[in-house]
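Here is the structure we will look at.
The values are calculated or read from the model by the stated rules, or taken from the named source; none is laboratory data. No experiment lies behind these values; they were computed from the predicted model shown. Cβ coordinates were reconstructed from backbone atoms using ideal geometry, including for glycine residues, and neighbour counts include every protein chain displayed. SASA here: full protein model, heavy atoms, side chains in, ligands and nucleic acids out. Shrake-Rupley method; radii C 1.70, N 1.55, O 1.52, S 1.80 Å.
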Amino acid sequence: AFCNAGFSTKSLGLMDSSINHNYLLHTIIAFLIIAGGIGFPILLNYYKLFKHFIYNLTRLLQGKSYSHKPHIININSRIVIITTVLLIIFGMLTFIVFENDNTLKGFSWHEKIYISFFASVTPRTAGFNTIDYSQILPITALITMFLMWVGASPSGTGGGIKTSTFTIAILNIFSFARGKNRIEISRREVS
């Protein structure tokens with residue numbers, strides 16, 4: 001799952017009856033897919049932030065002052081994380097809306113949320129399935145293809161055009177529409 005290969009030892013994948021309703025396993029696999037799709041540089045960047053937080057927490061507990069370290073999280077990490085979260089939310093909400101009376105029929109609300117979350121995460125890079133994709137509606141298939149097209153992040157283990165490329169292209173359209181000749185994110189210019 002971390003390498004976003006999408007292989008399963010079960011012939012039906014994660015749709016196999018022995019693990020189909022194991023939502024803890026699905027959640028673990030989903031977070032492994034997300035971590036692998038984000039990539040090591042971003043994970044390292046957030047590890048540095050966590051380490052800085054622990055360092056300052058111990059300093060404060062010892063009665064020492066806070067040590068500020070500017071820009072631990074770089075602009076690339078911000079773009080990747082924000083885009084990844086927004087794509088997951090978009091995919092999840094659209095899957096629930098369009099498939100509620102189709103493939104999600106008969107499931108409880110918490111099961112629908114788990115299934116929709118997994119269905120939003122996996123097409124971007126991995127390809128696991130917990131539902132029968134031959135039964136989804138055409139609009140859901142189109143959204144799934146869009147998520148596959150965007151894919152993972154730079155330095156991640158998945159394919160696609162990459163999350164940062166997608167975000168920069170969208171921001172470029174908005175900048176152009178506003179009459180600007182440059183793209184700015186968090187008061188920083190992107191060349």
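Restricting attention to the stretch 15-27, does a residue exist that is over 23 Å from the mean Cα position of the chain (by Cα), open to solvent by less than 20 Å² (accessible area, probe 1.4 Å) and of a type outside the set (A, V, I, L, M)?
There is no residue in the stretch 15-27 that is over 23 Å from the mean Cα position of the chain (by Cα), open to solvent by less than 20 Å² (accessible area, probe 1.4 Å) and of a type outside the set (A, V, I, L, M).
Can you tell me which residues in the stretch 97-120 are acidic (Asp, Glu) and more than 23 Å from residue 1 (Cα to Cα)? Steps first, please.
First pass over the stretch 97-120, keeping only residues acidic (Asp, Glu): 99, 101, 111.
Of everything in the stretch 97-120, those that are acidic (Asp, Glu) and more than 23 Å from residue 1 (Cα to Cα) turn out to be 99, 101.
Let's see how each residue does on (1) open to solvent by 70 Å² or more (accessible area, probe 1.4 Å); (2) free of Cβ contacts under 8 Å to residues at least 40 places away in the same chain:
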site	(1), (2)
106	yes, yes
123	no, yes
137	no, yes
140	no, no
171	no, yes
174	yes, yes
178	yes, yes
183	no, yes
189	yes, yes
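So in the stretch 72-104, with the set limited to residues that are open to solvent by 80 Å² or more (accessible area, probe 1.4 Å) and charged (D, E, K, R), which one is nearest to the chain's Cα centre (by Cα)?
Among residues in the stretch 72-104 that are open to solvent by 80 Å² or more (accessible area, probe 1.4 Å) and charged (D, E, K, R), the one nearest to the chain's Cα centre (by Cα) is 78.
Is there any pair with a first residue in the stretch 1-30 that is touching a residue at least 60 places away in the same chain (Cβ under 8 Å) and among the hydroxyl-bearing types (Ser, Thr, Tyr) and a second that is assigned to a loop (DSSP other than H, G, I, E, B) and open to solvent by less than 70 Å² (accessible area, probe 1.4 Å) whose Cβ atoms are under 7 Å apart and which are 6 or more apart or on different chains, and what are they?
8/128
Filter the stretch 156-177 down to residues that are among the small types (Gly, Ala, Ser) and within 14 Å of the chain's Cα centre (by Cα), then give me how many there are.
Kept after step one, since they are among the small types (Gly, Ala, Ser), are these residues of the stretch 156-177: 156, 158-160, 164, 169, 175, 177.
Still in the running and within 14 Å of the chain's Cα centre (by Cα): 156, 158-160, 164.
Number of matching residues: 5.
So residue 122 fits all but one of (1) at pLDDT 95 or above; (2) closer than 22 Å to residue 16 by Cβ; what number is the exception?
Here residue 122 clears every test but (1).
So in the stretch 55-71, with the set limited to residues that are surrounded by 10 or more Cβ atoms within 10 Å (Cβ to Cβ) and within 31 Å of the chain's Cα centre (by Cα), which one is modelled with the lowest pLDDT?
Ranking the qualifying residues of the stretch 55-71, first place goes to 69.
So which helices (runs of 4 or more DSSP H) stay within the stretch 1-104 end to end and still have 2 or more residues that are in contact with a Phe, Trp or Tyr (Cβ under 7 Å, 6 or more places away or on another chain) and more than 30 Å from residue 136 (Cβ to Cβ)? Walk me through how you get there before you give the answer.
Numbers: elements: 23-38, 40-61, 75-99.
Answer list for the stretch 1-104: 40-61.
How many residues are open to solvent by less than 40 Å² (accessible area, probe 1.4 Å) and assigned to a helix (DSSP H, G or I) when one looks only at the stretch 142-165?
6
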